[in-house]
Every structure is written in structure tokens, then in C-alpha cells.
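Participant: Got a structure for you, written out below as C-alpha cells; questions coming shortly.
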Amino acid sequence: MTFKSIIDEIKNNLSKILDELFISDVKFSVEPAKPGFGDVSSNVSFLLAKQLKKNPKEIADMFSKKFQDCTNTLVLKTEAHPSGYLNFYADWEKLSQLILSESYLDEFGDVDIGKNSTIVVEHTSVNPNKALHIGHIRNIIIGDTVSRILEKANYKVNVLNYIDDSGLQVADIIVGFKHFGFAEESPNGKKFDHYCGDDVYVKTTEKYEADPSLEEIRKKVLRELENGDSETAKFADNITRKVLAGQLETCWNLDVFYDCLNFESQIIRSGLWSEIFEKLKEMSLIEFEKEGKNVGCWVIRGENKEEDKVIVRSNDTATYIAKDIPYAAWKLGLLDDPFNYKKYEKEQPNSRELWQTTLNKNNPISKNFTGGKVVTVIDSRQARLQKIITSLMGKFKSIPDAYVHLGYESVTLSSETAKALGLDTEGKQAQMSGRKGLYVNADSVYKLLKEKTKEETKKRHSEMNPSEIEKIAHNVSVATLRYEMIKQDLDKIITFDLTKSLSLEGDTATYIQYTHARASRILEKSNRTPTIDIDFSLLKEKSEIDLIKNIGLFNLQVRDAANNLSPKVIARYCHDLAVAFNSFYENAKVLELGDLNLENSRLCLVNSFKITLEKALNLLGITAPDRM
RNA sequence: GGGCCUAUAGCUCAGCAUGGAUAGAGUGUUGGACUUCUAAUCCAAUGGUCAAGGGAUCGAAGCCCUUUGGGCCCA
């Protein structure tokens with residue numbers, strides 16, 4: 001058990017006291033206290049103030065007195081604060097033992113929210129016509145981190161990447177290849193996804209702008225793409241798969257992995273749409289418009305003042321939302337699976353099996369990548385569309401919140417960075433744009449970070465061999481990129497600045513990793529294996545108790561993060577844990593104390609911290625280095 | 001015209017879901033700590049009408065309403 005033990009104990013006892021007073025239905029809180037106010041606080045007296053017609057302090061006094069008579073094992077004393085809060089002080093000798101012993105177990109930090117049910121997390125979903133830029137990375141890292149957290153919360157997670165291989169953006173590069181003479185192999189060994197995005201896509205788009213008559217070619221190519229048997233479609237399939245391979249390489253390098261790739265072109269050809277179209281009509285979720293501007297169309301009625309949404313146009317073609325509806329239903333397992341599956345050509349570096357959908361009926365392999373719940377990570381510009389899908393899915397499936405759109409604000413470029421890319425924004429931040437070539441590629445940010453980290457590492461460790469430096473630089477760079485993408489709230493815009501993003505001091509992943517390395521070195525130098533068989537009463541310094549307390553909060557934080565799909569919670573927890581350790585590091589020596597018992601006690605704590613931080617960092621997809 | 005998000009220290013952000021204590025970090029600036037288990041660290045100082053106005057409440061950064069600035073989506 002962890003810090004939760006004492007919280008539960010206090011909750012139980014307070015409830016008993018309330019029972020004695022014949023008071024029910026009071027939703028009081030029992031939470032870790034703010035620093036300086038004991039270990040645990042409850043607001044129970046505020047909530048009763050009105051009912052009992054007493055001021056909170058008097059009530060707190062009464063509770064404090066009654067609490068003495070309860071059987072409690074972990075609370076040393078209670079205190080009624082003049083403000084009215086009821087504060088509790090823990091018996092740290094006992095609580096430390098509980099927390100530290102627990103922390104040595106493999107399952108430390110596990111919480112059971114999912115009850116081993118399946119959940120789909122879909123993220124990435126980038127058009128396969130360009131390399132991933134820093135804005136896509138936010139999506140990818142949020143998705144990956146959330147799926148790691150959900151796994152820790154006992155969900156069986158299926159991670160999907162939706163490959164939008166049949167839209168306008170793909171048509172654009174195909175026009176470039178087919179009509180504007182771009183070479184099918186990238187010149188001078190440039191990564192193929194970079195070549196398609198930086199050269200083919202941007203320059204083809206420029207040509208449209210110069211000559212609007214080219215629009216006809218574009219439309220023609222798009223039509224050919226939609227017809228799966230055409231020569232153009234086959235050509236496009238070949239190109240987009242090569243781009244996808246490049247994108248996946250970027251993701252894998254960041255320790256992001258998937259279970260299945262779902263191709264949009266196959267969803268369109270699978271017949272899923274007609275199945276769901278009938279169902280929508282049956283359930284009267286869509287209506288045939290007989291008058292007005294949408295006459296002859298099938299529409300979803302807008303709620304309140306919102307516009308109706310056209311699903312099928314009067315010429316019988318489906319709008320793009322029509323693709324999303326059957327796909328969402330498929331993800332929830334509401335439709336017969338029209339797909340077969342085959343393994344992806346390349347193996348993922350962590351050896352996790354990666355599958356892809358196929359409509360090929362030979363050697364059918366059936367798999368199930370659907371889930372009882374679905375989390376779709378898409379930026380909040382698509383909130384309106386996702387709201388319609390969410391509401392439709394709510395009507396198909398009775399479980400509340402079965403389909404969740406996890407939205408987040410976009411990544412913009414700082415005016416300095418935009419300027420460096422050739423756009424003067426007059427001091428304002430700039431929206432990234434793949435068409436205009438205004439973006440910062442993820443691979444290049446990684447490369448810059450790695451160069452800088454290498455330099456820093458060399459400065460500190462002249463003795464290290466190049467491959468070790470390389471490894472540290474890689475780990476630190478990936479961590480930095482990942483941490484920056486999730487440390488703030490999802491609804492805050494990230495203004496990306498190339499220079500500032502290279503910072504390795506302060507509230508960064510580097511700070512946290514460094515702290516882990518410090519702990520590792522102590523253990524290494526001790527030449528002992530830390531054990532849990534120690535004298536817990538020796539850990540009584542404030543910085544020691546503080547650290548233990550933070551360690552004990554791990555599972556509470558995981559619960560919070562999983563319930564709210566909030567990766568930030570774990571990022572902050574890692575940071576807080578690191579701060580607590582650094583404070584301990586400054587205040588309490590571990591080695592060469594001349595007191596073996598105290599050394600062993602502190603070693604046990606250091607090891608507990610190290611294990612916990614490593615687990616927490618693992619949820620963020622960040623490796624915990626032993627040296628840096 | 002309609003909808004969504006956002007506003008907290010010079011800058012970047014926590015805290016807001018579930019109202020109560022002294023509104024916290026990082027960064028910046030200034031000063032201090034390496035002969036010590038790693039200074040990618042730590043300590044101290046500095047810095048706040050929580051956008052503005054109103055409302056309900058014993059009590060609001062947080063809840064409700066209005067206005068304004070910024071961003072996005074739809075038309």
C-alpha cells in the first residue's frame with residue numbers, strides 16, 4: 001500500500017464519526033496536504049458549517065477530538081487549523097515502511113480502472129505525403145503517452161494509426177510526380193518523406209497558384225485515386241507507402257509504436273459505408289432534405305442553432321464525414337469486420353507486432369483491433385466534426401463516453417522561428433502550413449537536439465566512448481522532445497521556438513533524467529545491493545520524509561492521469577519527484593557516513609526513488625539513464 | 001452571424017473538474033554554494049488588482065452573467 005493507505009484510513013474514520021453524528025451524504029475531501037499543513041487535510045468542517053450552524057474551526061476541533069478515539073494505525077496526531085481545515089500528521093516510521101516496501105514491487109503504481117477491458121487509442125493519422133513536423137509530434141506524443149498510461153491503468157490498449165491515403169493532399173504529390181516531372185526516387189539520398197513534403201508537395205502547390213487552370217488535372221487525379229483499380233491509384237499506393245515508411249521511422253525513433261495501420265482507401269472500398277448508411281436511416285439519425293439549400297441531400301440535423309451537416313450530397317456522393325462515421329463505428333466493434341490483416345513489411349524496433357488492414361481475401365488472418373472504448377487523438381480544429389461523431393456513437397452504443405475525442409491545441413511557430421524560415425510575421429506567432437512549406441520537421445529538431453546534447457555530454461565526460469555518448473544524446477533528445485510536447489495542458493497552444501526548445505535546464509526532461517543519473521551513481525558507488533530490510537525510523541529528516549511522500553503518491557497520480565486522459569499529470573509528477581530528490585541530495589549524504597545502518601536506510605530510499613522515477617518516466621516514453 | 005478554446009509574475013506555464021489556509025514552478029535579473037554521493041544541481045533576493053465589470057456565497061483565481069483582447073472552426 002502507498003500514501004493512499006493513510007488517506008483511506010482517515011476517510012473511513014471520518015465517515016464513522018459522521019455516522020455517529022447521524023450525518024450522511026457529505027462528500028468531504030481527504031487529500032495530501034499543502035506543505036506546512038501536515039500530511040493529509042480534510043475539508044469536512046467547511047461542508048458541515050451551515051448544517052451544524054457552527055464555524056468551521058469549532059467543528060474541526062470536535063472532529064480532531066473524536067478522531068483520537070478512533071482506531072488508527074497511521075495517523076500520529078490531528079490538528080484543527082484556525083482556518084477550519086482538519087489536518088493529519090502521519091506516523092512516518094510505519095508509513096515509510098509501507099511505501100518503500102510497495103515501491104520495490106513490479107506492479108508499483110498500477111491502478112485498476114480498465115478491469116482488463118480493451119480500449120482503442122488512435123493517434124498520428126498524418127497524410128502520407130510529407131514528413132512529420134513538430135505539430136504532428138504533439139499528436140503522436142500525446143497519443144503514445146496516453147496509451148502507456150491506460151496500460152498502467154489495466155486497459156488492454158490497441159494503438160491505431162489511420163493512414164489517410166486517398167485525399168487531396170495525396171493527389172497533389174501524385175500530380176507532381178505524374179505531370180510536373182518530379183523524380184520518383186529522391187535525389188541525393190534525402191529521406192523520401194522529406195523529399196515528398198519539402199519538394200514535391202510545396203512546389204506542386206506553388207504551380208497551382210501560378211496557374212489556376214491546373215486545377216483540372218488535380219481533380220482528375222483525385223477521381224482516379226478514388227477508383228482503386230486505376231493505374232494512378234496503384235502508383236499512389238506505392239508512393240504513399242514509401243512516405244509512410246519514412247514517417248514510421250521518425251515515430252519509432254521517438255519510441256512510439258503501433259498495433260495496426262488502417263488505410264483510408266480500404267475503408268472506402270470495404271463497403272462499411274453502405275452498411276452504416278442503412279443503419280443511420282433505420283435509426284432516423286439522418287434525414288432526407290426536401291427543401292431549402294440542402295434539398296436532395298441526406299443531413300444530420302444540427303443541435304440548437306448549429307447548421308445541418310450534409311452527409312450525402314444531392315448527386316449521391318458522400319462527404320468526408322461519411323468516411324469517419326463507419327470508421328468510428330468499426331473501432332467500437334459495432335460492425336462486421338470487412339478487413340483481413342497482414343503483418344507490416346518492417347518489424348518495429350521493440351519487436352511489438354505491427355499489422356495492417358488489407359482487403360485481399362487470400363490467406364485470411366482475422367484479428368481484432370477494436371475496443372469497448374475508443375480514444376481518438378485529433379487536434380481541436382476538428383472538434384465540431386468529432387462532436388457529431390461522438391454524439392452518433394453515443395446513440396449506437398449505450399456505454400457512456402465510449403467514444404472520446406481527445407482534442408488539443410495546435411503548435412505554432414514563434415515569430416523568430418518563422419522568420420528563420422523566411423516569413424516575417426511582425427512579431428506574431430505563425431500557423432504551420434505543409435502546403436506553404438512553413439514548418440519545422442521533427443527529424444531536424446531531433447538532429448539539432450542531439451548535436452547539442454552530444455557537445456554537452458562530451459564537455460562533462462571526456463573519458464566516455466563515442467557510442468556511449470551517442471546513446472545518451474539520443475535518450476536525452478527524445479526525452480526533451482517528448483516532455484516539451486506534454487508538459488503543459490492540452491488546451492494551451494505551444495509556440496515552438498527553435499532556440500528555446502534546445503534548453504536543457506530548468507523544467508525539462510534533462511533535469512529529471514539528470515536526477516535519475518545522480519541516484520544511480522550513489523547506488524553504483526555504494527557497492528551494495530539495497531534491501532528493504534532496514535531501520536525505517538532512521539529516515540526522519542524533512543527532505544527524506546518529503547521524498548517518501550512523493551514516492552507514495554505515484555499510484556494516485558496514475559489514477560488521476562488515466563481518469564482524465566491527462567499526460568501532463570505524470571510529467572508534473574516526474575518533475576516534483578525529481579525536485580524532492582534533489583532537495584534530499586543536498587541535505588542528506590548517503591555514503592561514507594560512518595553509520596552503516598543509516599547508510600543502508602538511505603540507500604533503500606535512493607533505490608526506491610530510482611525505481612519509481614524510472615516507472616513514471618516509462619509512462620512518458622522517456623528512458624532513465626544511469627549516467628549523463 | 002453562430003460555435004469552441006484561451007487570458008494568473010517581464011516571459012513560458014501549474015493551480016480551476018470537486019470554492020476555504022500563505023496563489024506555486026521554471027525562466028529572466030541580482031547575489032551565494034564545486035577539494036564533497038555528478039554544479040545539466042542547489043540556496044537566497046526580486047517579481048502578482050489571478051483581463052475588466054457585475055452576481056450568487058459566511059468565503060472566489062476557481063461557480064454564473066456581461067464586456068474586452070488573442071487563437072481556431074463553421075457560415
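The values are calculated or read from the model by the stated rules, or taken from the named source; none is laboratory data. Everything numeric in this text was worked out from a predicted model, so none of it was measured. Heads up, the Cβs are rebuilt from the backbone with ideal geometry, glycines too, and the neighbour counts pull from every protein chain shown.
Participant: In the list A:K419, A:K395, A:K428, which residue meets the criterion of being outside the structural domain of A:V202 (by TED's automatic domain parsing) and assigned to a helix (DSSP H, G or I)? Before you say what the answer is, go through the steps one by one.
Facilitator: Working: A:K395 fails: outside the structural domain of A:V202 (by TED's automatic domain parsing); A:K428 fails: assigned to a helix (DSSP H, G or I).
Matching residue, one of A:K419, A:K395, A:K428: A:K419.
Participant: Oh, and also: Residues A:K525, A:K549, A:K540: which one is within 7 Å of RNA strand B (Cβ to nearest atom) and assigned by TED's automatic domain parsing to the domain that holds A:A588? Show your work before the answer.
Facilitator: Numbers: A:K549 fails: within 7 Å of RNA strand B (Cβ to nearest atom); A:K540 fails: within 7 Å of RNA strand B (Cβ to nearest atom).
Only one candidate qualifies: A:K525.
Participant: Mind listing whichever residues of the range A:322-344 are assigned to a helix (DSSP H, G or I), among the basic types (K, R) and touching a strand residue (DSSP E or B) at 6+ places or on another chain (Cβ under 8 Å)? First the steps, then the outcome.
Facilitator: First, the residues of the range A:322-344 that are assigned to a helix (DSSP H, G or I): A:322-331.
Restricting the remaining residues to those that are among the basic types (K, R) gives A:323, A:331.
Of everything in the range A:322-344, just one residue is assigned to a helix (DSSP H, G or I), among the basic types (K, R) and touching a strand residue (DSSP E or B) at 6+ places or on another chain (Cβ under 8 Å), namely A:K331.
Participant: Being surrounded by fewer than 17 Cβ atoms within 10 Å (Cβ to Cβ) and at positive phi, is that true of even one residue in the range A:525-534?
Facilitator: Scanning the range A:525-534 turns up at least one residue that is surrounded by fewer than 17 Cβ atoms within 10 Å (Cβ to Cβ) and at positive phi.
Participant: Can you tell me which condition A:G407 does not meet? The list is (1) at pLDDT below 95; (2) among the small types (G, A, S); (3) under 30 Å from A:S501 (Cβ atoms), and all the others hold.
Facilitator: (1)
Participant: Within the range A:602-621, track down each residue that is under 27 Å from the mean Cα position of the chain (by Cα), buried (at least 24 other Cβ atoms within 10 Å of the Cβ) and of a type outside the set (A, V, I, L, M, F, W, C).
Facilitator: Hits for the range A:602-621 are A:S608, A:T612.
Participant: To continue, here is another question. Just for the range A:24-50: of the residues that are of a type in the set (S, T, N, Q) and either outside the structural domain of A:K77 (by TED's automatic domain parsing) or within 10 Å of RNA strand B (Cβ to nearest atom) (or both), which one is farthest from A:I545 (Cα to Cα)? Don't jump to the end; show me each part of the working.
Facilitator: Keep residues of the range A:24-50 that are of a type in the set (S, T, N, Q), which gives A:24, A:29, A:41-43, A:45.
From what's left, either outside the structural domain of A:K77 (by TED's automatic domain parsing) or within 10 Å of RNA strand B (Cβ to nearest atom) (or both): A:29, A:41-43, A:45.
Working: A:S29: 23, A:S41: 17, A:S42: 20, A:N43: 24, A:S45: 27 Å.
That would be A:S45.
Participant: So, of the residues in the range A:376-420 that are among the charged types (D, E, K, R), under 19 Å from A:V120 (Cβ atoms) and within 12 Å of RNA strand B (Cβ to nearest atom), which turns out to be nearest to the chain's Cα centre (by Cα)?
Facilitator: Among those that are among the charged types (D, E, K, R), under 19 Å from A:V120 (Cβ atoms) and within 12 Å of RNA strand B (Cβ to nearest atom), it is A:D379.
Participant: To continue, here is another question. For the range A:139-154, enumerate the residues that are surrounded by fewer than 24 Cβ atoms within 10 Å (Cβ to Cβ) and closer than 30 Å to A:I174 by Cα.
Facilitator: The one that is surrounded by fewer than 24 Cβ atoms within 10 Å (Cβ to Cβ) and closer than 30 Å to A:I174 by Cα: A:N139.
Participant: Of the conditions (1) more than 10 Å from RNA strand B (Cβ to nearest atom); (2) part of a helix (DSSP H, G or I); (3) basic (K, R), A:K459 clears all except one; give me its number.
Facilitator: Looking at each condition in turn, A:K459 falls short on (1).
Participant: All but one of (1) of a type in the set (G, A, S); (2) modelled with pLDDT under 95; (3) assigned by TED's automatic domain parsing to the domain that holds A:Y573 hold for A:A519, so report the exception by its number.
Facilitator: For A:A519, the failing item is (2).
Participant: Here's another thing I want to ask about it. Could you check the range A:410-436 and list, in sequence order, the residues that are of a type in the set (G, A, S) and closer than 25 Å to A:A383 by Cα? So that I can check it myself, show each step before the final result.
Facilitator: At the first step, the residues of the range A:410-436 found to be of a type in the set (G, A, S) are A:410, A:414-415, A:418, A:420, A:422, A:427, A:430, A:433-434.
Listed by number, the residues that qualify are A:S410, A:S414, A:A430, A:S433, A:G434.
Participant: Against the condition within 30 Å of A:N564 (Cα to Cα) and β-branched (V, I, T), how does A:I493 come out, does it pass?
Facilitator: Values: within 30 Å of A:N564 (Cα to Cα): yes; β-branched (V, I, T): yes.
Considered against the rule, which asks whether it is within 30 Å of A:N564 (Cα to Cα) and β-branched (V, I, T), A:I493 comes out as yes.
Participant: Another question about this same structure. What are the pairs, 6+ residues apart or on separate chains, where a residue within the range A:387-406 that is of a type in the set (D, E) has its Cβ under 7 Å from a residue that is surrounded by 18 or more Cβ atoms within 10 Å (Cβ to Cβ)?
Facilitator: Pairs that qualify, where the first residue is of a type in the set (D, E) and the partner is surrounded by 18 or more Cβ atoms within 10 Å (Cβ to Cβ): there are none.
Participant: Look through the range A:502-520, keep the residues that are more than 6 Å from RNA strand B (Cβ to nearest atom) and in contact (Cβ under 8 Å) with a residue 60 or more places away in the chain, and return whichever of them is nearest to A:I134 (Cα to Cα).
Facilitator: So the first thing to find is which residues in the range A:502-520 are more than 6 Å from RNA strand B (Cβ to nearest atom), and the list is A:502-503, A:508-509, A:512-513, A:515-516, A:519-520.
This time we only want the ones that are in contact (Cβ under 8 Å) with a residue 60 or more places away in the chain, so: A:509, A:512-513, A:515-516, A:519-520.
On the way: A:A509: 17, A:I512: 22, A:Q513: 22, A:T515: 27, A:H516: 27, A:A519: 32, A:S520: 32 Å.
By that ranking, first place goes to A:A509.
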